[in-house]
Structures are given as structure tokens and as C-alpha cells.
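> The structure that follows is given in the form of C-alpha cells.
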């Protein structure tokens, strides 16, 4: 475990995997949390797939509300964003913010 602190900052680094509940319990007063990993959690998901990786998506496309990819051969009716389309993806997230999982649905008060 490592602890870093000053008059205005505090950080604790632990070398162990934390559950999603543990991680979220430390987050307060935010409008949106973007999560990487925790695939087993029942969260609203946007899929990411790089053509060069050759591994495909981590879940079935039906589990996503949109996808981000540079692969040309993906046939889907989901909103599809290029890897470099940051503004388009951000706009999609803002326009669809009410369809995302909310903290009270997870049993958290953040």
C-alpha cells in the first residue's frame, strides 16, 4: 500500500483488485463515471473493438447501446463511432445520459 498526501491532496494506492462497489463508494458529487473493466456488472455499456486486435467485442452486441471501432465489417443497427470520433461519442453520451445506469440503481449514493 502507498499513501501520498499534502495539504490539499490525498491518494491511497493498494495492490489488490477492488470490487465495483468499493470503487464507486469513494466517488461523490459527479454527473458521470466512465468505467473500464467490470464486465460482469449490470451497467450501460458502449463496446470498443480495434480491428488490429482481432479479438472482437468483450460481450455480445446486444449488450451495448453503441459501439466504437475501426472495423469496417461490423453489421449492426447500433450507433457506431470511429476510434477518433471523440466529439461524436461525447455528444451521443450527453444526448443519451438518461439511459445510462444511475447510482441509485446500483445501491450507491454517489
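> By average Cβ neighbour count within 10 Å, what is the ranking of 72-78, 22-28 from highest down?
Highest to lowest by the protection proxy: 22-28, 72-78.
> Given the alpha-carbon gyration tensor of the range 1-60, what are the semi-axes of its equivalent ellipsoid in whole angstrom, ordered largest first, with each equal to the square root of 5 times an eigenvalue?
Result for the range 1-60: semi-axes of 30, 15, 12 Å.
> Okay, next question. Relative contact order (percent) for the chain, with alpha-carbon contacts under 8 angstrom and 6 or more residues of separation?
About 22 percent, as a whole number.
> What whole number of Å gives the distance from the Cα centroid of the range 35-64 to the Cα centroid of the range 1-32?
25 Å
> Short version: what are the Cα gyration tensor semi-axes of the chain, square root of 5 times each eigenvalue, largest first, in whole Å?
30, 17, 15
> Of 89, 12, 61, which has the largest mean-square fluctuation in a 10 Å C-alpha GNM of the chain?
Maximum among the listed residues: 12.
> Packing-wise, with mean Cβ within 10 Å as the measure, how do 63-69, 32-38 rank, highest first?
In descending order of packing, they fall as 63-69, 32-38.
> Follow-up. If you fit an axis through the alpha-carbon atoms of helix 86-95 and take the longest principal axis of the Cα set of the chain, what angle between them do you get, 0 to 90°, nearest 10?
For helix 86-95, the angle is close to 80 degrees.
> Now for a separate question. Please give the FRET efficiency for residue 98 paired with residue 71, using the beta carbon to beta carbon distance and R0 = 25 Å, rounded to the nearest 0.05.
Efficiency, rounded to the nearest 0.05: 0.30.
> Using the C-alpha gyration tensor of the range 47-100, what are the square roots of 5 times its eigenvalues, in whole angstrom, with the largest one first?
Equivalent ellipsoid semi-axes, largest first: 19, 13, 9 Å.
> Using only DSSP helix segments of four residues or longer, with each worth -39500 (n - 2.57), what per-residue ellipticity at 222 nm results for the chain after dividing by its residue count and rounding to 500?
Result for the chain: -4000 deg cm²/dmol, rounded to the nearest 500.
> Same structure, new question: Based on the mean of other beta carbon atoms within 10 Å per residue, what is the order of 81-88, 13-20, 51-58, most packed first?
The densest-packed peptide leads the list: 81-88, 51-58, 13-20.
Just so you know, all these numbers are worked out from the coordinates, no wet-lab data involved. Here the structure is a predicted model, which is why all the values come from computation and not from measurement. Cβ sites come from the backbone with ideal geometry, for glycine too, and all protein chains shown count toward neighbours.
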